[in-house]
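This report refers to the structure that appears directly beneath it.
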Amino acid sequence: MTALIQELNRLAPQLALREHEPMSRHTTFRIGGPARLMALPASQMEAAAAVRAARALGIAPFFLGNGSDLLVSDRGFDGFIIKTTGLDQTREVNRRLRAESGIPLARLAMAALGRGHTGLEFAHGIPGTLGGGVTMNAGAYGGELVQVLTSVTFLNEEAEVITLPVEECALTYRHSLFTDHPEWLILGAEFELAQGDPAAIKDKMDELAQKRRSKQPLDLPSAGSTFKRPAGYFAAALIEQCGLKGVGIGGAQVSEKHAGFVVNRGGATADDVRRLMDLIQDTVHRETGVTLEPEVKFLGF
Ligand SMILES: Cc1cc2nc3c(=O)[nH]c(=O)nc-3n(C[C@H](O)[C@H](O)[C@H](O)COP(=O)(O)OP(=O)(O)OC[C@H]3O[C@@H](n4cnc5c(N)ncnc54)[C@H](O)[C@@H]3O)c2cc1C
């Protein structure tokens, strides 16, 4: 890492760097040991410099958004993380909204509202960034990013900037070309949104926020839905049906409010969460024959 730090200081002298950074500060689970090195670029130029410096030394960086779909091991991650939340600009080009990948989806939805654009109301309550959202094709209440995106711009493994039309990004349920290519850094995306009535857009956001508050355990740290929706079923219903609602291991617990969420009820370790997820998967498979696939991503295991 010393060589990488020297190269980063040379290529991007202003780039903010943190060594041994506790990942519990960067995940919505509030779990995770230290990352050996984290860069926090403030611009696409700095992010690209960080990627190029790492690649030149044969290091594969991990790209972090808001860590809202991520479980980091208690030992941490002995590698290089590039956190994208400093890339948060939006602008309008030819009546299309363009945004950088580190913008929170909530702010992106508000930027659309500010322009009287409808179509991103569903994204307002999802606590991730645009980059994480594109990677996962984030969606809620019938909306999904694939429905409103026109293109995605990213840096490939050769550090070339590529823009692909959304049709070529293979966005399906919680999956995309980018989940298959973790070595690509999403820099930004473009949206085509219809003109709408700002008051109606705001009402829709408020209605969805109210639904979330009533159904989800938003008062406790989590990474949202722990498992993907298996074809033909709902993960939460299967977990509840197996009597697992409220079951805990250490500080991790199957939420009493929404069985699809594993929550950190205080002091949970990544190991607690992993063991609870194993218990859920084993029990649901034994009792119902359905295999639950994690939606949450793992780092450092
Ligand atoms: C309370 C709660 C509610 C939630 N509700 C929903 C919901 O309704 N719908 C939904 O879809 N999700 C939901 N989630 C999950 C999560 O918010 C989304 O998956 C979100 O899109 C993840 O974004 P992130 O920035 O936090 O990604 P991270 O967790 O930081 O990363 C997730 C993955 O994306 C990759 N990634 C992130 N940024 C980039 C980038 N710029 N370039 C390349 N790869 C990148 C990471 O490497 C990682 O593999 C919820 C989570 C919580 C905690």
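The values are calculated or read from the model by the stated rules, or taken from the named source; none is laboratory data. The model shown is predicted, which means the values in this text are computed figures rather than measured ones. When we count neighbours, we look across all protein chains shown, and the Cβ atoms used for this are built from the backbone with ideal geometry, even at glycine. To get the accessible areas, we keep the full protein, side chains included, count just its heavy atoms, and leave off ligands, DNA and RNA. Shrake-Rupley method; radii C 1.70, N 1.55, O 1.52, S 1.80 Å.
Of everything listed in (1) more than 28 Å from Arg229 (Cα to Cα); (2) within 19 Å of the chain's Cα centre (by Cα); (3) open to solvent by less than 10 Å² (accessible area, probe 1.4 Å), the single unmet condition for Gly116 is (2). Scanning region 199-224 for residues that are within 11 Å of Val263 (Cα to Cα) and polar (S, T, N, Q) turns up Gln216, Ser222. Scanning region 9-45 for residues that are over 24 Å from Glu157 (Cβ atoms), among the hydroxyl-bearing types (Ser, Thr, Tyr) and assigned to a loop (DSSP other than H, G, I, E, B) yields Thr27, Thr28.
Scanning region 51-73 for residues being part of a helix (DSSP H, G or I) and of a type in the set (D, E, K, R) gives a total of 2. Note on region 49-76: residues that are farther than 24 Å from Val134 by Cβ and under 22 Å from the mean Cα position of the chain (by Cα) total 4.
Which condition does Leu164 not pass, out of (1) more than 11 Å from the ligand (Cβ to nearest atom); (2) assigned by TED's automatic domain parsing to the domain that holds Gly119; (3) part of a helix (DSSP H, G or I), if it passes all the others? Condition not satisfied by Leu164: (3).
Restricting the first member to region 225-246 and to residues that are in contact (Cβ under 8 Å) with a residue 12 or more places away in the chain and under 16 Å from Val262 (Cβ atoms), and the second to residues that are open to solvent by less than 20 Å² (accessible area, probe 1.4 Å) and part of a strand (DSSP E or B), the beta-carbon pairs closer than 7 Å and six or more apart or on different chains are Ser225/Phe261; Thr226/Phe261; Thr226/Val262; Ala235/Phe227; Ile239/Val254; Leu244/Val254; Lys245/Val254. Only one of the numbered conditions (1) more than 11 Å from the ligand (Cβ to nearest atom); (2) closer than 25 Å to Gly142 by Cα is violated by Gly224, and that is (1). Considering only residues in region 150-200 that are in contact (Cβ under 8 Å) with a residue 60 or more places away in the chain and in contact with an Asp or Glu (Cβ under 6 Å, 6 or more places away or on another chain), the one that is surrounded by the fewest Cβ atoms within 10 Å (Cβ to Cβ) turns out to be Glu157. Taken together, Pro127, Pro182 contain a single residue that is under 30 Å from Ala56 (Cβ atoms), touching a strand residue (DSSP E or B) at 6+ places or on another chain (Cβ under 9 Å) and within 9 Å of the ligand (Cβ to nearest atom), which is Pro182. Take the conditions surrounded by 22 or more Cβ atoms within 10 Å (Cβ to Cβ) and within 14 Å of the ligand (Cβ to nearest atom) and apply them to Ala12. Does it pass? No: the conditions fail for Ala12. Of the residues examined, Ala48 is one that is closer than 30 Å to Leu120 by Cα, assigned to a helix (DSSP H, G or I) and not assigned by TED's automatic domain parsing to the domain that holds Asp271.
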